[in-house]
Amino acid sequence: MNSPLRTRRAEWLVTAPSFLWLALFFAVPAVIVLAFTFHGHDISGGVGEWSLSTWRELVDPDYPTIIWNTIRISVEVTIWSIVLAVPCAYAIARMNKRWRAIVAGSIMLPFWTSFVVRVFAWKTMLHPDGWLQACYNFLSISGEHSTILDSETAVVLVSVYSFLPFAIMPIYTAAEKFDFSLLEAARDLGAKNFYAFRKIFLPGIRQGLVSAVLMVFIPAIGSYVIPQMLGGTNCVLIGNKIFMRAIQNRNIPHASALATVMAVSVLIPIGLSMWWKKRQDMRDRQRLEAQTARLFTAGEGAAK
Amino acid sequence: MSNEFLVFDHVTKRFGALTAVNDVSFSVNKGEFFSLLGPSGCGKTTLLRMLGGFEKPDSGRIFLEGKDITGLAPNERRVHTVFQNYALFPTMTIWDNIAFSLRLAKLPKKEIEEKVDAILEMIQMSEHAWKYPNQLSGGQKQRVAIARALVDRPKVLLLDEPLAALDLKLRQHMLLELDTIHDQVGITFMYVTHDQGEAMSLSDRIAVINRGTIEQLDGPAKIYEAPASRFVASFIGDTNFFSGEIVATEGDYCTIRPEGFPDIRAYNDKQLKVGQKVDLSVRPEKIRVTLAPPPPEKGASINVYPSTVQDIVYQGVYTKYWIKSSDFRIAALKPHSRFLLDQEPITWNDKVFVWWHPDDGYMVEAKQ
């Protein structure tokens, strides 16, 4: 059989290309971006000498609000996408093979059109004289007729529209593998439909949910085309600011610093939640061990 | 009818053009081990699913303890199912799987712990309580599935081919275990199977089902010895069929004239008339095979046919013979109650006598 050494080498050979890819297109650019933030900039749009000037200049009072809005809107978009994607994925997974192919195909269909063109189409549809705005006015209970276009609503709406397929696909993939007879078993044991859905189906497609959250949240954080075209001046996100600094002001170090701040503001809560989850898991394991011990002492008691 | 424990009253279920269950009525006693036995596609699983609440009958009603449960959802009836694939929740531990129904019933925590621990002990799985289903073997999963369905003491436990996924040895072991569990808990078991051996060894009563109707509902011995139809006789165990017409009756006995076989005398318990077409079933173990003719004290009325041995299958406990007699190939079993090597064996192409007493055949009216 294979020696451990040979297995180890084989493992290296197999994983080397993806490591290389990751290093070349992720690690190296990330380091470059971080390095840029410790440089000044020159008028011609180039990167200047080593300096902390960029960080000193990063004091625009709008930034905290913009970062907070970006995170808040991304979370909103993610929640809406997941809430809509789960029933969609559930429904598709329960269809017969023919319909599954048709519906899954139609979900992917918009990708044959340019993303920018689709967002532009929304701009037309959301026009203040358009039918969507008319519907909105008609349904508005308060009677206030605010326009959808150039508002946060438009950004959230079109972001959900754009990212929904990325949420549906991983959830659908997980749901397709889900054994639906488990829901029958739960019902049989006394669970109502929604309870079975919550306690059996959702945990059963957990992996799909996690992928879906990442697939929506990450592009939403970096989103810039949608707020640029539909958010007007009322919904400026960090992506727009980075674009502005990099392209209009030709201040690459400043844009890099903004990107770094954004990344850190996202990574800190994720890191915290992972740490908390790990602690929770450890407590769970300790609880289980204690319960097993209790069971055994109970068993011995009965034996006597 | 309402004072009976579980009643199916003229229940019919159609799937498109197929009538899966056709106007079936029967009742089950409290605490009974009741089996639905039949070939695949006969409607037995549909009957079970209607009792579980997963299918609604097109017509007819189902009563449990006098209460009409036909329209109730699965979670509204105190009936639990052990599924063929076990359907254990993969994201929960064994302990949580079993506690599922108790938590739904919102029992006090202490009581849940007691009940789950007790049933884990009963199925001897206490040390596996904190494992996940994918860490268990087939037999262990099976036991957990049964425990999960029994822990809140349902009125009826439904078992849908629960042993089908296990290998032979484990199946035999689980058979005994199921029997023990049934004795311990005293809950009514409704058992669906296509395996006549399982049904025979476990059941108090068996409903033999074919094409959506009950062919016979009786105790195991009655079903084996006195099948109600040709289908039941051939589905339960092996048998030799002789189809023919009654040509003479004489007291409790009659003479049947099959095509391609000499006349056969048979016990005429149904008092059938001359001219009636019948199927006579003679089980292989009822047929004797000897080199010498049967001893005269057996009487003149027994059926004796000189024949030739065609095939022999030695099984240790018994030997199975295939014997050519007239146009028929008769199966016969010879048990070995004496030390075999001391005896003069019957071998291929031996001229032998096959014989059986008229009482040992069982006659059913042939369908016209």
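See the values below:
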read-out	value
Every residue from the stretch B:230-278 that is assigned to a loop (DSSP other than H, G, I, E, B) and surrounded by 16 or more Cβ atoms within 10 Å (Cβ to Cβ)	B:236, B:237, B:239, B:261, B:268, B:272, B:276
Residues located in the stretch B:113-127, provided they are assigned to a helix (DSSP H, G or I), closer than 17 Å to residue B:142 by Cα and more than 10 Å from chain A (Cβ to nearest Cβ)	B:119, B:122
Of the criteria (1) modelled with pLDDT of 95 or more; (2) in a helix (DSSP H, G or I), which one residue B:199 fails	(1)
Subset of the stretch B:315-336 that is among the charged types (D, E, K, R), surrounded by 14 or more Cβ atoms within 10 Å (Cβ to Cβ) and touching a residue at least 24 places away in the same chain (Cβ under 8 Å) - its residue that is nearest to residue B:239 (Cα to Cα)	B:320
Among the residues listed as B:148, B:143, B:153, the single one being more than 14 Å from every other protein chain (Cβ to nearest Cβ) and touching a residue at least 24 places away in the same chain (Cβ under 8 Å)	B:143
Subset tally (residues that are without any contact (Cβ under 8 Å) to a residue 12 or more places away in the chain and among the hydroxyl-bearing types (Ser, Thr, Tyr)) for the stretch B:337-368	1
Criterion (more than 14 Å from every other protein chain (Cβ to nearest Cβ) and either more than 30 Å from residue A:38 (Cα to Cα) or surrounded by 15 or more Cβ atoms within 10 Å (Cβ to Cβ) (or both)) met by exactly one of A:248, A:228	A:228
Meets criteria (among the charged types (D, E, K, R), in contact with a strand residue (DSSP E or B) (Cβ under 8 Å, 6 or more places away or on another chain) and farther than 22 Å from residue B:161 by Cα) for residue B:204	no
Enumeration of residues in the stretch A:142-192 that are among the β-branched types (Val, Ile, Thr) and touching a residue at least 24 places away in the same chain (Cβ under 8 Å)	A:155, A:156, A:158, A:160, A:168, A:171, A:173
Any hit, the stretch A:68-87, residues being assigned to a helix (DSSP H, G or I), among the aromatic types (Phe, Trp, Tyr) and more than 13 Å from residue A:216 (Cα to Cα)	yes
Flag if residue B:110 is more than 13 Å from chain A (Cβ to nearest Cβ), out of contact with any Lys or Arg (no Cβ under 7 Å at 6 or more places or on another chain) and farther than 21 Å from residue B:49 by Cα	no
Residue match in the stretch A:150-166 (condition: among the polar types (S, T, N, Q), in the same structural domain as residue A:112 (by TED's automatic domain parsing) and part of a loop (DSSP other than H, G, I, E, B))	yes
Residue B:63 being among the aromatic types (Phe, Trp, Tyr), farther than 22 Å from residue B:164 by Cα and out of contact with any Ser or Thr (no Cβ under 6 Å at 6 or more places or on another chain)	yes
Positions within the stretch B:211-239 being closer than 24 Å to residue B:330 by Cα and in contact with a Lys or Arg (Cβ under 6 Å, 6 or more places away or on another chain), in sequence order	B:239
Sole exception among (1) within 29 Å of residue B:174 (Cβ to Cβ); (2) without any contact (Cβ under 8 Å) to a residue 24 or more places away in the chain for residue B:110, by number	(1)
Selection within the stretch B:128-151 - surrounded by fewer than 23 Cβ atoms within 10 Å (Cβ to Cβ) and either charged (D, E, K, R) or not assigned by TED's automatic domain parsing to the domain that holds residue B:162 (or both)	B:131, B:141
Residue count for the stretch B:313-368, restricted to those that are of a type in the set (Phe, Trp, Tyr) and modelled with pLDDT under 90	1
Inter-residue pairs, beta-carbon under 7 Å, first at negative phi and in the stretch A:94-119, second among the charged types (D, E, K, R), 6+ apart	A:110/A:118
Residue B:159, sole failed condition from (1) at pLDDT below 90; (2) part of a strand (DSSP E or B)	(1)
Residue that is modelled with the highest pLDDT, among those in the stretch A:42-69 that are more than 31 Å from the chain's Cα centre (by Cα) and of a type in the set (Val, Ile, Thr)	A:47
Qualifying residues in the stretch B:56-101 (those that are within 11 Å of chain A (Cβ to nearest Cβ) and of a type in the set (Lys, Arg)) - the one farthest from residue B:126 (Cα to Cα)	B:77
Residue match in the stretch B:136-147 (condition: part of a loop (DSSP other than H, G, I, E, B), in contact with a His (Cβ under 6 Å, 6 or more places away or on another chain) and not small (Gly, Ala, Ser))	no
Residue match in the stretch A:44-67 (condition: loosely packed, with under 15 Cβ neighbours inside 10 Å and closer than 30 Å to residue A:212 by Cβ)	yes
Scope the stretch A:234-283; condition small (Gly, Ala, Ser) and closer than 23 Å to residue A:65 by Cβ; matching residues	A:239, A:246, A:255, A:256, A:257, A:259, A:263, A:265
Tally of residues being of a type outside the set (S, T, N, Q) and within 14 Å of chain A (Cβ to nearest Cβ) across the stretch B:23-55	8
Residue match in the stretch A:137-145 (condition: surrounded by 15 or more Cβ atoms within 10 Å (Cβ to Cβ) and at pLDDT below 85)	yes
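The values are calculated or read from the model by the stated rules, or taken from the named source; none is laboratory data. Since the structure is predicted, the reported quantities are computational estimates derived from the model, not experimental observations. FYI the Cβ positions are ideal-geometry reconstructions off the backbone, even for glycines, and counts take in every protein chain you see.
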